[in-house]
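Comments concern the structure below.
The values are calculated or read from the model by the stated rules, or taken from the named source; none is laboratory data. None of these values were measured; they are calculated from a predicted model. Glycine also receives a Cβ, built like all others from the backbone with ideal geometry; neighbour counts cover every protein chain displayed. Calculation scope for accessible area: heavy atoms of the full protein, side chains included, ligands and nucleic acids excluded. Shrake-Rupley method; radii C 1.70, N 1.55, O 1.52, S 1.80 Å.
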Amino acid sequence: GQNIDQPTEMTATEGAIVQINCTYQTSGFNGLFWYQQHAGEAPTFLSYNVLDGLEEKGRFSSFLSRSKGYSYLLLKELQMKDSASYLCAVSNGGSARQLTFGSGTQLTVLP
Amino acid sequence: SAVISQKPSRDICQRGTSLTIQCQVDSQVTMMFWYRQQPGQSLTLIATANQGSEATYESGFVIDKFPISRPNLTFSTLTVSNMSPEDSSIYLCSVDQGRRALNTEAFFGQGTRLTVV
């Protein structure tokens with residue numbers, strides 16, 4: 001079966017750093033995605049990891065450990081506009097890019 | 001990156017009726033997917049739209065309820081049939097251009113917000 005776990009809610013202060021964790025147990029693995037979703041909008045792509053290690057992209061970084069079934073999204077220099085839901089998703093393998101999503105982490109950035 | 005146009009963006013429908021959602025991509029894509037996001041929840045894959053053959057449905061979703069068309073490599077439709085209030089959700093079209101390089105991504109349309117009354 002597929003199981004992806006991430007915290008339901010997190011709160012952080014503007015300018016701070018926050019780490020959102022994601023653990024997964026899936027029947028196959030072909031990469032892990034992080035998406036950002038503001039209320040009422042479609043998800044937007046943030047990062048993709050298929051190899052172990054850290055991928056850095058501006059204020060956002062994502063880490064993957066395949067042996068541990070673990071990933072995190074690191075957000076630095078938080079801004080108010082970063083308040084959103086952050087979705088961890090796993091591509092289960094094969095030739096198609098079907099994604100299994102976690103329940104999402106609602107991040108609230110406080111002034 | 002692919003540009004995906006999805007319509008309608010929102011609709012309010014009577015129970016028992018059907019709604020067809022369209023997804024148009026500005027380039028040919030190998031795979032198209034339909035997801036549902038129920039209120040307060042994450043995304044759930046409904047089916048993979050296959051060009052030239054029947055869609056492949058995930059567990060819990062059936063063709064009679066969610067018929068899908070994929071007439072070519074740039075277009076797909078999802079129909080929500082015989083709607084009930086439980087079908088009130090955001091429906092999202094997603095595409096994969098089939099690249100195998102690292103940092104590939106799945107793109108999403110802007111979604112269709114459906115309310116069934």
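How about the stretch B:1-98: which trypsin sites (Lys or Arg not before Pro) there lie in a loop by DSSP and see at most 12 other Cβ atoms within 10 Å? Working shown, then result.
Values: sites: B:Arg10, B:Arg15, B:Arg36, B:Lys65; in loops: B:Arg15, B:Lys65.
Qualifying residues, ordered by number: B:Arg15.
Kirkwood Rh, Cα Rg: Rg to Rh for the protein assembly as shown? Please list the in-between numbers first.
Values: Rg = 17.6 Å, Rh = 18.1 Å.
Result for the protein assembly as shown is an Rg/Rh of 0.97.
To the nearest 20 debye, what is the magnitude of the charge dipole of the protein assembly as shown about its Cα centre, counting +1 on the Cβ of each Lys and Arg and -1 on the Cβ of each Asp and Glu? It would help to have the intermediate numbers written out before the result.
Working: 16 positive and 18 negative charges, 49 e Å.
Approximately 240 debye in magnitude.
Counting other C-beta atoms within 10 Å, and keeping those with at most 15, which DSSP coil GluC sites (Glu not before Pro) do you find in the stretch A:43-111? Can you show the working numbers first?
Working: sites: A:Glu55, A:Glu56, A:Glu77; in loops: A:Glu77.
Taking the stretch A:43-111 and a limit of 15 other Cβ atoms within 10 Å, the loop GluC sites (Glu not before Pro) found are A:Glu77.
Before I look further, what does chain A give for accessible area per residue, probe 1.4 Å, in whole square angstrom? Show your work: numbers first, answer last.
Working: 5070 Å² over 111 residues.
Heavy-atom accessible area per residue stands at 46 Å².
Once the cut-off is 17 Å, how many percent of the Cα-Cα pairs in chain A end up in the long-distance tail? Before the final figure, lay out the partial values.
On the way: 3051 of 6105 pairs.
Cα-Cα pairs of chain A separated by over 17 Å account for 50 percent.
Report the local net charge at B:Ile12: Lys and Arg +1, Asp and Glu -1, summed over other residues whose C-beta lies under 14 Å from its C-beta. Before the final figure, lay out each step's value.
Values: positive: B:Arg10, B:Arg15, B:Arg113; negative: B:Asp11, B:Asp87.
Taking every other residue near B:Ile12 into account, the sum is +1.
Between A:Ser27 and B:Ser59, what is the label-to-label distance in nm when each label sits 7 Å out along the Cα-to-Cβ direction?
So the two model labels end up 0.7 nm from each other.
Under 4.7 Å Cβ to Cβ, no partner at all: give me those cysteines from chain B, in residue order.
Taking the Cβ cut-off of 4.7 Å, the unpaired cysteines of chain B are B:Cys13.
Which net charge results for the neighbourhood of A:Ser103, defined as the other residues with beta-carbon distances under 13 angstrom from its beta-carbon, given Lys and Arg at +1 and Asp and Glu at -1?
Values: positive: none; negative: A:Asp5, A:Glu9.
Net local charge, A:Ser103 excluded: -2.
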